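Working notes, structure below.
The values are calculated or read from the model by the stated rules, or taken from the named source; none is laboratory data. Just so it is clear, the model here is predicted, and its values are computed rather than measured. In this analysis, Cβ positions are derived from the backbone assuming ideal geometry, glycine residues included, and neighbour counts consider all displayed protein chains.
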Amino acid sequence: MQNKVVVIGGGAAGAIAAGTAAFRGLDVTLLERNDRIARKIMITGKGRCNLTNNVQSVYEIIDNIPRNGRFLYSAFSQFMPYDTIDFFESLGVKLKVERGNRVFPLSDKSVDVVDALNLFLKKSGVKTKTSRACELIIDEGQVTGVKMANGDIVFADAVIVATGGLSYPKTGSTGDGYYFAKCAGHTIVPPKPSLVALKSSDTFCAQLQGLSLKNISIKVLDNERKEVLYSDFGEMIFTHVGLSGPVILSASSHIRDFNSGKFCVSIDLKPALSLEQLDSRVQRDFLKYSNKDFSNSLFELLPRKMIPVIIKKCGIPTDLKVNQITKEMRKAFTYAIKNFIVTISGFGDINEAIVTSGGVSTDEIDPKTMRSKKVEGLYFAGEVIDVDGYTGGFNLQIAFSTGRLAGNSILEDHRL
């Protein structure tokens, strides 16, 4: 008699877990509340799906997982990014590697990744059921099945919870997995948004809305501890309420425990130049436009939207002639360019976060199997666990690696 396995959630982790378990000869039912699997994958990478990051060692991956990275050592060791690449290419998805080792479908279409996962499920013999799980059935410390929203019960020898987090609830990530885990006796680390835009109380952000900056560097500063939490180089964009873009999303992973004025982002608009080099550049521009008003002399140096904001920050009158600017004024101006400060007041909405930080405590999950330490036959995979990584494909790799490990580990469970 085949052992029965139920996987709750048809996202990246759930699909890999279900297909892997089925290929091992188990009778697998995948429960997905949506009418199609992997809805969140469809919107990742702006619809292009950055499915992994082509780093070559486990330690490189862990360095990009700020939340409980060491917990994932076994999962990554057994299913590396190059395994992910081989897996999807074996299913007919041609891939390419872009800047920062980000891996995308050659077609730039997320649907190709979803179609490949569907093909994997079909080839492996997984039975997919469109239904919402509402309760785990646990008898004397052993999971025995799943109760559905319509009252039906799917009996099982093992259950893998891969329901995702709370981000993008329209894709089905509504926190159901936290409820299942809590009912099974697990501790839930309070969910917070991660890889999310940052809000600012600075009114100039609205003035700069839509301004995209490339090749800038940032530092996240903890004003209370007087230390740099995170630094990065790349792209960002101003929103009507704050900051977003790749470097900001990664920076958000490092910010915890907001207090008024505790955190700020320092933006270096000219990271290729030292203060001295920038000052020399500014002096050349000032010489060139010596008879112009200060505000009309900066268009070669700064984006037009940013000019009035920078001028206000350094306190120089806009109509002051360039040839009247003192050395002290010029230094204040160059400093403002190298240290453009934005006060951070909070996170963007968790509904718009790329991933959720928090979830099932890693202390209560066996990292070598993804099996619950609380309930026999219960496993977890993906974003429902308290792990999250930087932008760049690392979070999907977490999903694929933990899903693969959970799917493989069920065969090794002593009860089965």
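Hey, among the residues in segment 189-223 that are among the hydroxyl-bearing types (Ser, Thr, Tyr) and within 17 Å of GLU352 (Cβ to Cβ), which one's modelled with the highest pLDDT?
SER200
So is VAL154 of a type in the set (Val, Ile, Thr), part of a strand (DSSP E or B) and under 19 Å from LEU51 (Cβ atoms) or not?
When the stated conditions are applied, VAL154 does not pass them.
Listed here are the residues, each with its yes/no results for (1) touching an Asp or Glu at 6+ places or on another chain (Cβ under 7 Å); (2) free of Cβ contacts under 8 Å to residues at least 24 places away in the same chain; (3) charged (D, E, K, R).
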residue: ASP176; (1), (2), (3): no, no, yes
residue: LYS182; (1), (2), (3): no, yes, yes
residue: VAL189; (1), (2), (3): yes, no, no
residue: SER194; (1), (2), (3): yes, no, no
residue: ASP202; (1), (2), (3): no, no, yes
residue: LEU211; (1), (2), (3): no, no, no
residue: ILE216; (1), (2), (3): yes, no, no
residue: LEU221; (1), (2), (3): no, no, no
residue: LEU229; (1), (2), (3): yes, no, no
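Among what's in segment 216-253 and is within 21 Å of the chain's Cα centre (by Cα) and polar (S, T, N, Q), pick the residue that is surrounded by the most Cβ atoms within 10 Å (Cβ to Cβ).
Only one residue fits best here, namely SER252.
Given the criteria surrounded by fewer than 17 Cβ atoms within 10 Å (Cβ to Cβ), in the same structural domain as ALA133 (by TED's automatic domain parsing) and modelled with pLDDT under 95, does LYS170 qualify?
For LYS170, the condition - surrounded by fewer than 17 Cβ atoms within 10 Å (Cβ to Cβ), in the same structural domain as ALA133 (by TED's automatic domain parsing) and modelled with pLDDT under 95 - is met.
Determine if segment 250-261 includes at least one residue that is touching a strand residue (DSSP E or B) at 6+ places or on another chain (Cβ under 6 Å), in a strand (DSSP E or B) and either closer than 20 Å to GLY210 by Cα or of a type in the set (A, V, I, L, M) (or both).
No, every residue in segment 250-261 fails to be touching a strand residue (DSSP E or B) at 6+ places or on another chain (Cβ under 6 Å), in a strand (DSSP E or B) and either closer than 20 Å to GLY210 by Cα or of a type in the set (A, V, I, L, M) (or both).
Could you please find all residues in segment 310-320 being touching an Asp or Glu at 6+ places or on another chain (Cβ under 8 Å) and loosely packed, with under 15 Cβ neighbours inside 10 Å?
Scanning segment 310-320 gives THR318, ASP319.
Just one of (1) in a helix (DSSP H, G or I); (2) over 17 Å from the mean Cα position of the chain (by Cα) trips up ASN351, so point out which.
Going through (1) in a helix (DSSP H, G or I); (2) over 17 Å from the mean Cα position of the chain (by Cα) one by one, ASN351 breaks only (2).
Provide a single number: the residues in segment 354-402 that are in a helix (DSSP H, G or I), of a type in the set (Ser, Thr, Tyr) and surrounded by fewer than 24 Cβ atoms within 10 Å (Cβ to Cβ).
Qualifying residue count for the region: 1.
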